[in-house]
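Structure first, then comments.
The values are calculated or read from the model by the stated rules, or taken from the named source; none is laboratory data. All figures in this text were calculated on a predicted structure; none of them were measured in a lab. Because the Cβ atoms are built from the backbone with ideal geometry, glycine has one as well, and the counts that use them run over all protein chains shown.
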Amino acid sequence: MTNKLNEKLISSLITKNAKVLDIGCGNGDLLYHLEETKNINGQGIEISSKGVQESVSKGLSVIQGDADIDLKSFPDNAFDVVILSHTLQATHKPKEVLIEMLRIGKICIISIPNFGYWRYRMQILFFGIMPVARTLSDPWYSTENIHLCSIKDFLKLCEELNISINKAFRNSNYSIKKITRPSSYINNLLSIEGIFVLSNNINSVN
Amino acid sequence: MGTTGPSSINEKKNVQYGMQFPIFTIKDMVNLQLALINSLEIDQLFSVVGGSMGGMQALEWASSYPERVYSSIPIASSYRHSAQNIAFHEVGRQAIMNDPHWQKGDYYNKEKKPRHGLAVARMIAHITYLSEGAFQEKFGRDMQSKVLSWGFDADFQVESYLRHQGISFVDRFDANSYLYITRAMDYFDLSHSYDGDLSAAFRKTKCKLLIVAFTSDWLFPSSESLAIVKALNRTAADVSFVEIDSDKGHDSFLLEIDDFYKILHGFISGAARKKGI
């Protein structure tokens, strides 16, 4: 799931002619946009056959597969950029997926719905219900989002895995802004979504 | 069938080749196609598309002559024939070779041909082309007439259908060709020359690939296609893979399935756009 704001930001982070993998590429809109605007060499992975069909029908190279399983077959640093837009929370093993992404991509762009967003907190606090909103649109019993986290949770995992955060952005529901201190309390409270550019510390040292 | 085969005249002896015809492989078929495009002075084929054995050829092109193809679309195929596929072929060949009229392949100038053997081979093969669901949907336990024969006539419609498939095949196919072509598929293994490392077979592959599998195809199941996709991923090749939902078995690749056509259309138009044609 990629909204237009997100698409614009991700596009601005990608250099021309880059080799890009979009994990969970859906109907291929983002890859198509990047091919048109940045002349990227794109590859997608999508779990739903409908998504794959729509993507391939746009002339994109997309494999029907599962982020939890199919990243393993790619060699190290196979891509300049690996994108995981609104998908990490739907994987069975987010930590392993993150590690695999950073192995196969020189940099990774990842966006996550932020469970620490104040409206979500309010829904639990005052109404006692699982949050439902624009970025988390399905109710608890049918959502594919099985591993939701807050920006704070995500940053903690990155630290644990020795992943460096090169750039961070927050989506306040209306606009996307660059943030200098991702770990600040206010970002976690006011962002509906966090977008991060990551690289592997170990990779960059080598 | 094809260009030259066991039923062609061996000009040295002025008689059909029969079993004197040399064993040929999928790569030989592709080499013949290569010779054709060379003689036509075609530098690069825009797309090589094939289902089943044709898919093996499409893969062989992508592996052996990567600079001569811009895109390749192997459909319902595999990089090698599985043990089960070889087993089915072997039963078919035994049916032919045990037909008394086969005469060690020397039947061309005889009155009787190994019709029964070839028909049985085709009946067996036809079962492998469909799926359990397709058979059930098409025939169920429907009968030819309301009363059972209490014998071994074709009481069930499925029996009569298979017999028809067998008999009508005999009129358009040469039994010896059947032996040779099934053998070519059995011998196919793209990874064989690379010590079993399939990705090594695609090391030079630069063309765009679309691999298509069908959910109910148990002759060339999706897992075979996935093995190719994984090998191509290891070489970071430009590959698409889709598994089309169909209950029609291996035969799906010959049928007008909406999603399948959409995918092919999309991939081919996309490739044409990139190629600037």
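Restricting region A:135-173 to residues that are part of a helix (DSSP H, G or I) and within 13 Å of the chain's Cα centre (by Cα) leaves a set whose member that is farthest from residue A:189 (Cα to Cα) is A:154.
Every residue, every condition in (1) without any contact (Cβ under 8 Å) to a residue 24 or more places away in the chain; (2) in contact with a Gly (Cβ under 8 Å, 6 or more places away or on another chain), yes or no:
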| residue | (1), (2) |
| --- | --- |
| B:28 | no, no |
| B:35 | yes, no |
| B:48 | no, no |
| B:56 | no, yes |
| B:60 | no, no |
| B:86 | no, no |
| B:108 | no, yes |
| B:114 | no, no |
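Within the option set A:203, A:188, being modelled with pLDDT under 95, surrounded by 20 or more Cβ atoms within 10 Å (Cβ to Cβ) and part of a helix (DSSP H, G or I) holds for one residue only, A:188. Listed by position, the helices (runs of 4 or more DSSP H) inside region B:179-277 whose residues that are in contact with a strand residue (DSSP E or B) (Cβ under 7 Å, 6 or more places away or on another chain) number at least 3 are B:222-234, B:258-275.
Answer yes or no: is there a residue in region B:70-80 that is out of contact with any Phe, Trp or Tyr (no Cβ under 9 Å at 6 or more places or on another chain) and at pLDDT 95 or above. Yes; the residues of region B:70-80 include at least one that is out of contact with any Phe, Trp or Tyr (no Cβ under 9 Å at 6 or more places or on another chain) and at pLDDT 95 or above.
Within region B:129-144, at least one residue is buried (at least 18 other Cβ atoms within 10 Å of the Cβ) and part of a helix (DSSP H, G or I). Residue B:267 versus (1) out of contact with any Gly (no Cβ under 9 Å at 6 or more places or on another chain); (2) within 29 Å of residue A:42 (Cβ to Cβ); (3) modelled with pLDDT under 95; (4) not basic (Lys, Arg): which is the lone unmet condition? Only one criterion is unmet by residue B:267, namely (1).
Consider region B:90-104. How many of its residues are closer than 18 Å to residue B:186 by Cβ and buried (at least 21 other Cβ atoms within 10 Å of the Cβ)?
Of the residues in region B:90-104, the ones closer than 18 Å to residue B:186 by Cβ are B:90-97.
If we keep only those that are buried (at least 21 other Cβ atoms within 10 Å of the Cβ) too, we end up with B:92, B:95-96.
Qualifying residue count, region B:90-104: 3.
When residue B:225 is tested against (1) more than 14 Å from chain A (Cβ to nearest Cβ); (2) touching a residue at least 60 places away in the same chain (Cβ under 8 Å); (3) out of contact with any helix residue (DSSP H, G or I) (no Cβ under 7 Å at 6 or more places or on another chain); (4) among the polar types (S, T, N, Q), only condition (1) is not met. Before we move on, is residue A:102 assigned to a helix (DSSP H, G or I), under 25 Å from residue B:222 (Cα atoms) and either at the interface with another protein chain (Cβ under 8 Å from one of its Cβ atoms) or among the hydrophobic types (A, V, I, L, M, F, W, C) (or both)? No, not satisfied.
Yes or no: region B:184-207 includes at least one residue that is aromatic (Phe, Trp, Tyr) and more than 17 Å from residue B:80 (Cα to Cα).
Start the filter on region B:184-207 by keeping residues that are aromatic (Phe, Trp, Tyr), which leaves B:187-188, B:194, B:202.
Applying the additional criterion that residues be more than 17 Å from residue B:80 (Cα to Cα) yields none.
Scanning region B:184-207 turns up no residue that is aromatic (Phe, Trp, Tyr) and more than 17 Å from residue B:80 (Cα to Cα).
The requirement of being closer than 25 Å to residue A:75 by Cβ, within 14 Å of chain A (Cβ to nearest Cβ) and among the acidic types (Asp, Glu) is satisfied by residue B:197. Candidates B:169, B:214: the one that is farther than 24 Å from residue B:65 by Cα, within 13 Å of chain A (Cβ to nearest Cβ) and under 17 Å from the mean Cα position of the chain (by Cα) is B:214. Contact map, region B:244-266: residues that are within 7 Å of chain A (Cβ to nearest Cβ) paired with residues that are modelled with pLDDT of 90 or more and assigned to a helix (DSSP H, G or I), Cβ distance under 6 Å, separation 6+ or inter-chain. Pairs shown: B:263/A:56; B:266/A:56. For the structure I just gave you, tell me whether residue B:94 is free of Cβ contacts under 8 Å to residues at least 40 places away in the same chain and under 22 Å from residue B:212 (Cβ atoms). So residue B:94 fails the test.
Does residue A:97 meet the test of being in contact (Cβ under 8 Å) with a residue 12 or more places away in the chain, part of a helix (DSSP H, G or I) and more than 14 Å from every other protein chain (Cβ to nearest Cβ)? Yes.
Considering only region A:46-78, state which residues are hydroxyl-bearing (Ser, Thr, Tyr), within 7 Å of another protein chain (Cβ to nearest Cβ) and within 21 Å of residue A:93 (Cα to Cα). Even if it seems obvious, please write down each step before you answer.
Residues of region A:46-78 that are hydroxyl-bearing (Ser, Thr, Tyr), as a first pass: A:48-49, A:55, A:57, A:61, A:73.
Within this subset, residues satisfying the condition of being within 7 Å of another protein chain (Cβ to nearest Cβ) are A:49, A:57, A:61, A:73.
Matches in region A:46-78: A:73 only.
All conditions but one from (1) crowded, with 17+ Cβ neighbours inside 10 Å; (2) at pLDDT below 95; (3) under 26 Å from residue B:200 (Cβ atoms); (4) not basic (Lys, Arg) apply to residue A:114; the one that does not is (3).
Screening region B:228-243 for residues that are among the polar types (S, T, N, Q) and within 7 Å of another protein chain (Cβ to nearest Cβ) and picking the one that is surrounded by the most Cβ atoms within 10 Å (Cβ to Cβ) gives B:240.
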